[in-house]
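Here is the structure we will look at, set down as structure tokens.
The values are calculated or read from the model by the stated rules, or taken from the named source; none is laboratory data. Since this is a predicted model, take the numbers as computed values, not measurements. Here the Cβ positions follow ideal geometry from the backbone for every residue, glycine too, while neighbour counts run over all protein chains shown. Side chains included, ligands, DNA and RNA excluded: accessible areas come from the protein's heavy atoms. Shrake-Rupley method; radii C 1.70, N 1.55, O 1.52, S 1.80 Å.
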Amino acid sequence: MIVIVDYGMGNLKSVQNAFVKVGYEAIITEDLNQIKKASAVVLPGVGAFRDAINTLKKKKIDKELIEAVKINKPFLGICLGMQLLLTFSEEGGLYQGLNLIPGKAKRFHHSVKCPQMGWNTIKYVNHPSHDLNPIFKEVPDESYFYFVHSYYCVINDEQIISSVTDYGLVYSSSIWKNNLFGVQFHPEKSSTLGLKILKNFGELS
């Protein structure tokens, strides 16, 4: 069973409905036992990094998420959920994340419209055969996905960056490290190809 982590932030029902549409059962929960039993974990999110990480820590969900990654459960962070995987964020100060991926979240420069909201392309990097990243199986390079975010991820290890997106600057729009995946865009809002990514992730579970 796929568990969608409920910490009070994000379009949880939309993510759940998208998984159901591609044939996978998914439950929305904050229960630590359910997260522990999950075959795969999804951490979505929309909103402020500070509020998100504080809630995860208060409910002790953070430790369960770190454990899920350590024992090699398929794990997908979506939008803010991808940023929470990082060492820290500069949003509203300096706040420590789950530190599963060394890096930081930074605000877009004032020269571009913030937040980035709408459709943009992803460009595969590091993996010339993008099928090496299983969630992008049968998803063409330079496909369009739907983005809504004011902060972007700066990843220390370039080898785990799966794709980049150009929005005044070129930033990391997806990552992949073993069983851990992150996407800055919203697959649940990205039509057929977004559903394909969720289906590919479901197959890993």
Among (1) closer than 24 Å to P102 by Cβ; (2) crowded, with 23+ Cβ neighbours inside 10 Å; (3) touching a helix residue (DSSP H, G or I) at 6+ places or on another chain (Cβ under 6 Å), which single condition is V15 missing? (1)
If a residue counts only when it is within 30 Å of C114 (Cα to Cα), which strands (runs of 3 or more DSSP E) contained entirely in the stretch 2-56 have at least 3 such residues? 40-43
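Yes/no per residue for (1) open to solvent by 20 Å² or more (accessible area, probe 1.4 Å); (2) assigned to a loop (DSSP other than H, G, I, E, B); (3) on the phi > 0 side of the Ramachandran plot:
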site: A68; (1), (2), (3): no, no, no
site: N72; (1), (2), (3): yes, yes, yes
site: T87; (1), (2), (3): yes, no, no
site: G92; (1), (2), (3): yes, yes, yes
site: N99; (1), (2), (3): yes, yes, yes
site: P102; (1), (2), (3): yes, no, no
site: K106; (1), (2), (3): yes, no, no
site: H110; (1), (2), (3): yes, yes, no
Given the criteria among the basic types (K, R) and either at positive phi or open to solvent by less than 30 Å² (accessible area, probe 1.4 Å) (or both), does K37 qualify? no
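Let's see how each residue does on (1) under 22 Å from P140 (Cβ atoms); (2) more than 11 Å from the chain's Cα centre (by Cα); (3) open to solvent by 10 Å² or more (accessible area, probe 1.4 Å):
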residue: V154; (1), (2), (3): no, yes, yes
residue: S163; (1), (2), (3): yes, yes, no
residue: Y167; (1), (2), (3): yes, yes, yes
residue: S174; (1), (2), (3): yes, no, no
residue: F181; (1), (2), (3): yes, no, no
residue: F185; (1), (2), (3): yes, no, no
residue: S190; (1), (2), (3): yes, yes, no
residue: L193; (1), (2), (3): yes, yes, yes
residue: I197; (1), (2), (3): yes, yes, no
